[in-house]
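Right, one structure below, let's go through it.
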There are 2 protein chains.
Amino acid sequence: MHRTKVKVAEDALDANTTIAQANRGDFDRDGVSVVNLMSAPGAGKTTLLESVFGMGLGDVRAGVLEGDVQGSMDADRIAHFHVPVTQINTDSGFGGECHLDANMVRSALGTLPLADIDLLVIENVGNLVCPAEFRVGEDARAMICSVTEGEDKPLKYPLMFRACEMVVVNKIDLLPHLDFDVDKLLYNVETVNPGAKHQLVSARTGEGVEAFRDWLVGVGEREKATA
Amino acid sequence: MHRTKVKVAEDALDANTTIAQANRGDFDRDGVSVVNLMSAPGAGKTTLLESVFGMGLGDVRAGVLEGDVQGSMDADRIAHFHVPVTQINTDSGFGGECHLDANMVRSALGTLPLADIDLLVIENVGNLVCPAEFRVGEDARAMICSVTEGEDKPLKYPLMFRACEMVVVNKIDLLPHLDFDVDKLLYNVETVNPGAKHQLVSARTGEGVEAFRDWLVGVGEREKATA
């Protein structure tokens, strides 16, 4: 007799993984690459995306999913660049959820023109803890760390820095006015995530943003290459 | 027949409230006032406390409870000021808890010399969402918002700004180098929390810190007055 054993999803993270895989299947079907973009509040995720969209992504057609506890200010800013954008608000759950999970992303998929984009950037809720715990079906994870936050953050929030293949170090235009040691930060990043890529940028002046744009374009072409 | 009806704690927040009340009872017994200090990662909680302890709190004897996902760097910094300090790490729970709750604080009470202090400052995990949802038995809540984070934060994280009676606006020494409108931030604070106190400070230069210190001393004297 043929016997099949099914492992029942045991907890919230198992359920999340199952739904993330379903999202992944939908993204694959439409040849969409997905970047999960994370950071602390105010590190400059939206400003960096504005800078990138201002430059353009070449042949890569992008869309954005905005995650916020409340409001749609970031989505409004992104919409100015004629990029399809959907806002998810997490404030219906438990006083406001502090992260996006796979099911929240799934609930938004129907509103996104997946067939017409190559790259979906998911701007997560500003938080250095829980967003790193919930995969949403992404190809790559990037995080932004601002030089105003101090060099110790990789050691204090190791899971976030470990979960990302790209660490963007933002607000470098402020370095002359800070007691901040970039080498110390990068040493701490390397300590928790050996070999992680990093890029120094100023989303405000545009310095270094082209290199991050090129990385995004590279991710955008991953699924195209295999589709 | 006398009947007693006991409402069973229904969920995690109910249980948290019950434990917060137990903490409150212990603080009251020893005449300890408690401040729950919250902010985004890197807003400057520890640097502000260093600045305050450098000035001294007059007759108010302080202790500190440090909440971090991992590490004890902040506790080590505070210990230099000969202030009793206990570190709580939240990384045993679910990939790292993003906030302190009443039970975590309760687990640390035995390590704190409550009988010998007047004021306990609890430095929460850096996060603008969940810490505001969990009372821990505190008298007052303060949050630090840095001018590098943008003026929109009260609108994006309203519960945090609403939960606090004192909003400290930090890093004002950087204002000349930023496109940041302090009035716009304060307008947004007033929108979500009418009448909230605020104090502009630079923990780095010390500007404004004395006024925050005075507020802390005032809280420290609340329980003394009633004890």
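Read-outs: derived from the displayed coordinates by stated rules, not from any lab. All figures in this text were calculated on a predicted structure; none of them were measured in a lab. Positions of Cβ are backbone-derived with ideal geometry, glycine not excepted, and every protein chain shown enters the neighbour counts.
Listing for the model above:
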read-out: ³J(HN,Hα), Karplus 6.51/-1.76/1.60, whole Hz, each residue of region B:183-200, x for Gly, Pro; value: 4, 5, 4, 5, 4, 5, 4, 4, 4, 8, 9, x, x, 4, 6, 9, 9, 7
read-out: Radius of gyration, Dmax [region B:2-226; alpha carbons; angstrom]; value: 17.5, 70
read-out: P(r) of region B:74-126 over all Cα-Cα pairs, binned every 10 Å from zero, in whole percent; value: 20, 54, 23, 2
read-out: Karplus 3J(HN,Hα) series, Hz, for region B:33-49 with 6.51 cos²θ - 1.76 cosθ + 1.60 (x for Gly, Pro); value: 8, 10, 10, 9, 9, 10, 4, 5, x, x, 7, x, 4, 5, 4, 5, 5
read-out: 10 Å Cβ shell holding at most 11 others, DSSP loop, trypsin sites (Lys or Arg not before Pro): longest site-free stretch of chain A; value: A:8-227
read-out: Nm distances between copies for A:Ala22, ranked from closest, using label points 7 Å along Cα→Cβ; value: 3.9
read-out: Exposure proxy ranking, count of Cβ atoms within 10 Å, fewest first, for A:His82, A:His99, A:His198; value: A:His82, A:His198, A:His99
read-out: B:Leu13 versus A:Arg61: modelled label distance in nm, points set 7 Å from Cα along the beta carbon direction; value: 4.3
read-out: 5 angstrom amide H check on B:Val34, placed H, neighbours 5+ away; value: B:Leu120, B:Asp139, B:Ala140
read-out: Square roots of five times the Cα gyration tensor eigenvalues for the protein assembly as shown, Å; value: 38, 27, 20
read-out: Cleavage-rule hits, chymotrypsin sites (Phe, Trp or Tyr not before Pro), region A:26-99, DSSP coil, Cβ neighbours within 10 Å at most 16; value: A:Phe81, A:Phe94
read-out: Under-5 Å amide H pairs with A:Glu165, H placed in peptide plane, nonlocal only; value: A:Arg141
read-out: Long-range HN-HN contacts of B:Ile88 with modeled amide H, under 5 Å; value: B:Glu66, B:Gly67, B:Asp68
read-out: Cβ-vector label at 7 Å, A:Asp181, separations to other copies in nm; value: 3.9
